[in-house]
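The values are calculated or read from the model by the stated rules, or taken from the named source; none is laboratory data. Model, not experiment: these values are computed from the prediction. Every residue, glycine among them, receives a Cβ derived from its backbone with ideal geometry; neighbour counts consider all protein chains shown.
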Amino acid sequence: MTLVRRLLDSRPIVLVVGPGEVDRVQYLGTALGESVVQGVDSAAVVERANELGVACVVIDRAETEDWDGLIDRLIAVSDPPSVVLVVDEPDRAAVEATHVDADCGPVFLALAEQALESVVETAVERYLDCQADALKRAALESFFQGTDQTMFLKDRTGTYLQYAPGEERADLSDVVGQTDTDLRDHDGFGEHWLELDRQVLDSGEPECRTIVEPDSTDRRYESTLVPWTGATGPPLGVVGSRTEISDVRAQEERLERERERLEQLSRYLSHDLKNPLIVADGYLDLAKSEGDEAALERVEDALGRMSELIDDLSLMAQNRSEIDATVPQADLSAVVARTWEPLAREETAVELELAVPEGTLVDARAASLRPLLENLFKNALVHGRADEQTPLTVTVGLLDGGFYVADDGPGIPDSERQQVFTEGYSSEDGRTGDGLTIVQDIVDANDWGISITDSDGDGAQFEITNCLLVPEPDRTLPAAASLTLDQTVDVGTVTVLGSVSTDASRVTVTAEGRDIWQDHNDFTFHCAAVEGPVRIQAQIPTIDASEPFSKAGLMVRDELDAESGHAYIGRNADHVIELLHQPTATDMTTGHQLTVSDDTQRTVRLDREGDLVTRFLSGPDGEWQPIDQRRIDLEDTVYVGLAACSTVPGETSTATFEDIVVERLEVE
């Protein structure tokens, strides 16, 4: 009651009704030192009961004609006081009056010959208890409404009784009365929270600032849960808060990558500079002792190679804060030739077979591609033959979505193929080194994959996969005729039907859908069926998003069912260019993300010729940059168009497409 008395800033008021109230007021005023006792006429008591601090109304039934109607009016006020009904003898009507349904403002029965002050005191305390509970609820409600954290109250079954979304996008009406299992398809909810609730309920102890990383998402939360307890018994439920801290995690990961990058620089410098340094030192001694000018040329070559390595490795170790204007690409065949030549110059009986079309582009800077190739070449030269007289052929060729470096040496046993990438790994011949560890680091930095298989010559074949490759960057067909997108379909499982509106050169697509990724292909597709080669291009200036991963782009599909092979290029609401692809109906959708400057001003393009799909991105100057070229299992007639997906089930996002061009292409 201390809380209520402090907030009232005065003593609680007791009103005494009836013609004989003067003596009763004096009596109660003396007996109840903690309260202010005042007399009041029955006609004015209801209005007075609405005043702040009126805790109790005393009614003498014998002196109040409409006593039962007065009680009804009193308990109907917005903040009802307690009522004490004074009777000479209790009868049915009086007893029933005490059972009026009211959480606060209950009716107490007092016999005339009993000590009235004790009944009134109990009634006042009951009123103050009710007020204290109401103030606590109001304070909790204010806190729920005023915080930017997600706050909630759940019962023992995990049902939300109260919820404040904070930065989450769920509506209160959708959450209250539901469990995390019911809401598992909504952003931020999921069964992972139920396990944490159960821990708190079982232990009765709070779990503060717990880091939660749900398996089903790449998000991270900080959660605090406190058991909701009653006066006795087990917890009634949990009160808690959660805050998404994915941005904090991203900052931590960025700092970790920077630390790793600096460690890589140190390792690369000590490893990759060793060979040219030894060469330079040896030929410098030869030049000094014999005056051999050819030796000085070798020293100059070695120094030049060291300078190139330092430049490459410094670029790799940089923490790049500027976003590239174009997607970094390197000419694979040119970098292979340039990297192989100085390594093979002093070797005998070695040969390079380059099975890569001239001009093939790969999504990497030459600065990172060179040390990767150099260390794979060194590995083949050192471990691929018994001695320097044994012939060795090293082959570089293309894979679907990657490339390989192979040799015809003894190969690598299956049992060692994972270990060879471990720092300090020692082979059976006793040789150790960090060369393949450096290769793994570069692969990871480029979001590629690497594996080892047997080559055609029974040697080792290192396969670098998940690359964006363009073997024929100049391949393009002329336009033959303009086409129109004439149908809108919802592909996969869509709970909110998509819609399309057209205004001059702009098309707006509103869509729901879980995702276009892995085994999910749920989206809205505004498209046309096209036979033969086709091109589609468009700009995507805006995505009114449900979340950062909401996406919109261009797509070509074999069929309109969810399992169909397809290729896609577009962007998401987080300003990231996305390339997605599913080569066949039995594969899953995978892809790549690229960050370029001014992404909303870029035009994306997709060309289909047979089963070959080439995807382009316009540069700052408007020139087309081919980004990826791969084979997709497509019939002659395909579906090409605009795809949009909210990635939040039950919620939609709206994307605008401008400067749309759809063209049939001439067949060569």
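Checking the condition part of a loop (DSSP other than H, G, I, E, B) and modelled with pLDDT of 80 or more, which residue from 430, 457 passes?
Going through 430, 457 in turn, just one is part of a loop (DSSP other than H, G, I, E, B) and modelled with pLDDT of 80 or more: 457.
Scan the range 474-490 and tell me whether some residue there is at negative phi, assigned by TED's automatic domain parsing to the domain that holds residue 599, surrounded by 21 or more Cβ atoms within 10 Å (Cβ to Cβ) and assigned to a strand (DSSP E or B).
Looking through the range 474-490, none of the residues is at negative phi, assigned by TED's automatic domain parsing to the domain that holds residue 599, surrounded by 21 or more Cβ atoms within 10 Å (Cβ to Cβ) and assigned to a strand (DSSP E or B).
For the structure I just gave you, tell me whether residue 614 is more than 21 Å from residue 530 (Cβ to Cβ), assigned by TED's automatic domain parsing to the domain that holds residue 495, crowded, with 20+ Cβ neighbours inside 10 Å and in contact with a Lys or Arg (Cβ under 8 Å, 6 or more places away or on another chain).
no
Kindly evaluate residue 203 against the criterion of being more than 22 Å from residue 156 (Cα to Cα) and either at pLDDT below 75 or surrounded by fewer than 18 Cβ atoms within 10 Å (Cβ to Cβ) (or both).
For residue 203, the condition - more than 22 Å from residue 156 (Cα to Cα) and either at pLDDT below 75 or surrounded by fewer than 18 Cβ atoms within 10 Å (Cβ to Cβ) (or both) - is not met.
Tell me, which residue of the range 91-123 that is within 19 Å of residue 70 (Cα to Cα) and among the β-branched types (Val, Ile, Thr) is modelled with the highest pLDDT?
Applying the filter and picking the extreme gives 120.
Restricting the range 640-668 to residues that are farther than 12 Å from residue 552 by Cα and in contact with a His (Cβ under 9 Å, 6 or more places away or on another chain), which is surrounded by the fewest Cβ atoms within 10 Å (Cβ to Cβ)?
The qualifying residue surrounded by the fewest Cβ atoms within 10 Å (Cβ to Cβ) is 650.
Please work out if residue 562 is farther than 23 Å from residue 625 by Cβ and free of Cβ contacts under 8 Å to residues at least 60 places away in the same chain.
no
Restricting attention to the range 621-643, report how many residues are in a loop (DSSP other than H, G, I, E, B) and among the hydroxyl-bearing types (Ser, Thr, Tyr).
The number of residues fulfilling the criteria is 0.
Quick one: how many residues across the range 143-162 are at pLDDT 70 or above and either more than 20 Å from residue 229 (Cβ to Cβ) or in the same structural domain as residue 57 (by TED's automatic domain parsing) (or both)? Can you show your working first?
As a first pass, look at the range 143-162 and keep what is at pLDDT 70 or above: 149-162.
Next cut, either more than 20 Å from residue 229 (Cβ to Cβ) or in the same structural domain as residue 57 (by TED's automatic domain parsing) (or both) only: 149-150.
Residues in the range 143-162 being at pLDDT 70 or above and either more than 20 Å from residue 229 (Cβ to Cβ) or in the same structural domain as residue 57 (by TED's automatic domain parsing) (or both): 2 in total.
What are the residues in the range 115-127 that are over 19 Å from residue 87 (Cβ atoms) and crowded, with 20+ Cβ neighbours inside 10 Å, if any?
124, 127, listed by residue number.
Quick one: in the range 389-401, which of the residues that are modelled with pLDDT under 95 and closer than 22 Å to residue 448 by Cβ is farthest from the chain's Cα centre (by Cα)?
399
Quick one: what pairs do we get from the range 486-498, first residue farther than 15 Å from residue 551 by Cα, second among the hydroxyl-bearing types (Ser, Thr, Tyr) and not in a strand (DSSP E or B), C-beta under 9 Å, 6+ apart or different chains?
Between residues of the range 486-498 that are farther than 15 Å from residue 551 by Cα and residues that are among the hydroxyl-bearing types (Ser, Thr, Tyr) and not in a strand (DSSP E or B), the close pairs are 496/646; 496/652.
Could we say that residue 620 is surrounded by 16 or more Cβ atoms within 10 Å (Cβ to Cβ), in contact (Cβ under 8 Å) with a residue 60 or more places away in the chain and not aliphatic (A, V, I, L, M) here?
no
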